[in-house]
């Protein structure tokens with residue numbers, strides 16, 4: 001530990017800090033479904049869902065997911081397609097796959113009981129230092145730090161830590177700080193209180209310092225520099241991809257869908273045929289060539305896009321343009337479709353695991369189709 005950090009820690013009345021923080025949490029904690037008990041499996045699922053996703057967004061997904069997979073055994077025995085479908089709309093689907101793989105390991109190797117040692121739990125797929133610390137402390141009352149962005153922000157202000165939180169090396173500084181201040185008698189509430197404080201009071205901008213239960217312990221507040229912390233370098237600009245998507249319906253009313261590769265972005269999810277724009281010719285010609293060359297389907301693509309939308313990932317943005325084909329020009333006469341390509345009915349599409357961007361496209365299609373039917377009736 002650096003001498004500077006050690007000096008900062010010595011300025012904090014450890015017992016009083018713990019008392020003020022946990023006392024506030026006991027009175028103000030939000031009523032969240034994963035706080036009903038200390039079931040390590042339920043806590044594990046919630047922590048994975050909460051990564052890069054807001055609490056309010058997670059709650060309905062969590063309730064639905066736990067309704068389908070209430071136990072380790074239920075999730076371990078579920079097919080991946082069902083798990084991905086239950087996860088649909090949360091994004092970052094690698095989280096679901098890693099969770100599924102890890103739960104299978106717990107079922108097979110640990111008799112269905114989530115391990116309670118740092119070494120064992122950290123060996124599970126998708127369980128990093130934060131998730132391991134959260135499960136161990138919240139479910140098992142083991143005094144392990146659970147350091148995420150919220151906690152780093154809170155502690156950067158409490159202890160006036162000016163290390164760049166965007167650098168991986170800084171995590172060790174904050175983990176050590178939490179270890180020094182954690183309440184070993186109640187690590188569950190201590191870590192949850194830090195997370196809650198970061199979410200509700202010690203927010204990224206305009207922190208509510210006068211409402212903070214530990215403001216008398218906060219060195220940044222005392223120095224008037226709370227708005228300058230944490231120090232965080234900006235992310236590099238994201239890559240932008242012009243993605244062309246085409247809605248192809250045959251004369252039997254089925255829709256053409258393709259399954260993404262088994263590895264990489266949105267692995268194994270289904271989508272409508274899509275290709276990155278090359279810009280060599282008109283979009284309709286480009287899509288017709290793509291359908292013929294890559295899928296073996298001949299179709300006439302309309303010249304104008306039916307829908308446009310942007311879908312933002314953490315590292316890239318899809319600028320999506322969606323086109324229809326003239327279904328009278330589409331014939332399902334190919335003897336065999338390529339692997340991971342299929343014709344699906346509307347009902348079957350409802351049951352597929354689609355990325356949220358493609359689910360939005362499908363829902364908009366249904367809305368427009370319903371409107372057209374209403375106009376036709378009039």
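The values are calculated or read from the model by the stated rules, or taken from the named source; none is laboratory data. Please read all numbers here as calculations on a predicted model, not as lab measurements. Counting neighbours? That spans all protein chains shown, and the Cβs are built from the backbone with ideal geometry, glycine included.
Can you find a residue in the stretch 202-223 that is surrounded by 21 or more Cβ atoms within 10 Å (Cβ to Cβ), within 23 Å of the chain's Cα centre (by Cα) and either closer than 30 Å to residue 31 by Cα or modelled with pLDDT under 95 (or both)? Yes. Among all positions in the stretch 149-159, there is at least one residue which is within 21 Å of the chain's Cα centre (by Cα), surrounded by fewer than 22 Cβ atoms within 10 Å (Cβ to Cβ) and modelled with pLDDT under 95. For residue 26, the test of being farther than 25 Å from residue 198 by Cα, touching a residue at least 24 places away in the same chain (Cβ under 8 Å) and surrounded by fewer than 22 Cβ atoms within 10 Å (Cβ to Cβ) is failed.
For residue 269, are the conditions met, namely being over 22 Å from residue 91 (Cβ atoms) and outside the structural domain of residue 94 (by TED's automatic domain parsing)? Taking the combined requirement at face value, the residue does not satisfy it. Taken as a whole, the condition of being touching a helix residue (DSSP H, G or I) at 6+ places or on another chain (Cβ under 8 Å) and modelled with pLDDT under 95 does not apply to residue 330.
How about the stretch 114-126: which of its residues are at negative phi and touching a residue at least 60 places away in the same chain (Cβ under 8 Å)? If the condition is that a residue be at negative phi and touching a residue at least 60 places away in the same chain (Cβ under 8 Å), then 114, 116 are the ones that fit.
Residue count for the stretch 67-77 satisfying the condition of being surrounded by fewer than 17 Cβ atoms within 10 Å (Cβ to Cβ) and without any contact (Cβ under 8 Å) to a residue 40 or more places away in the chain: 6.
If only one of 349, 361 is part of a helix (DSSP H, G or I), touching a helix residue (DSSP H, G or I) at 6+ places or on another chain (Cβ under 7 Å) and either modelled with pLDDT of 95 or more or buried (at least 17 other Cβ atoms within 10 Å of the Cβ) (or both), which one is it? Result: 349 is the single residue among 349, 361 that is part of a helix (DSSP H, G or I), touching a helix residue (DSSP H, G or I) at 6+ places or on another chain (Cβ under 7 Å) and either modelled with pLDDT of 95 or more or buried (at least 17 other Cβ atoms within 10 Å of the Cβ) (or both).
Counting the residues of the stretch 19-35 that are in a loop (DSSP other than H, G, I, E, B) and out of contact with any helix residue (DSSP H, G or I) (no Cβ under 8 Å at 6 or more places or on another chain) gives 1. Residues that are within 22 Å of the chain's Cα centre (by Cα) and surrounded by fewer than 18 Cβ atoms within 10 Å (Cβ to Cβ) were ranked within the stretch 106-125; the one that is nearest to residue 144 (Cα to Cα) is 122.
Assessment of the stretch 291-306 against the conditions (crowded, with 19+ Cβ neighbours inside 10 Å and in a strand (DSSP E or B)) yields at least one matching residue. Condition (residue is buried (at least 16 other Cβ atoms within 10 Å of the Cβ) and more than 16 Å from the chain's Cα centre (by Cα)) applied to the stretch 53-66: is it met by at least one residue? Yes, that holds for at least one residue. When you scan the stretch 321-332, do you find a residue that is surrounded by 15 or more Cβ atoms within 10 Å (Cβ to Cβ) and part of a loop (DSSP other than H, G, I, E, B), even just one? Yes, because at least one residue in the stretch 321-332 is surrounded by 15 or more Cβ atoms within 10 Å (Cβ to Cβ) and part of a loop (DSSP other than H, G, I, E, B).
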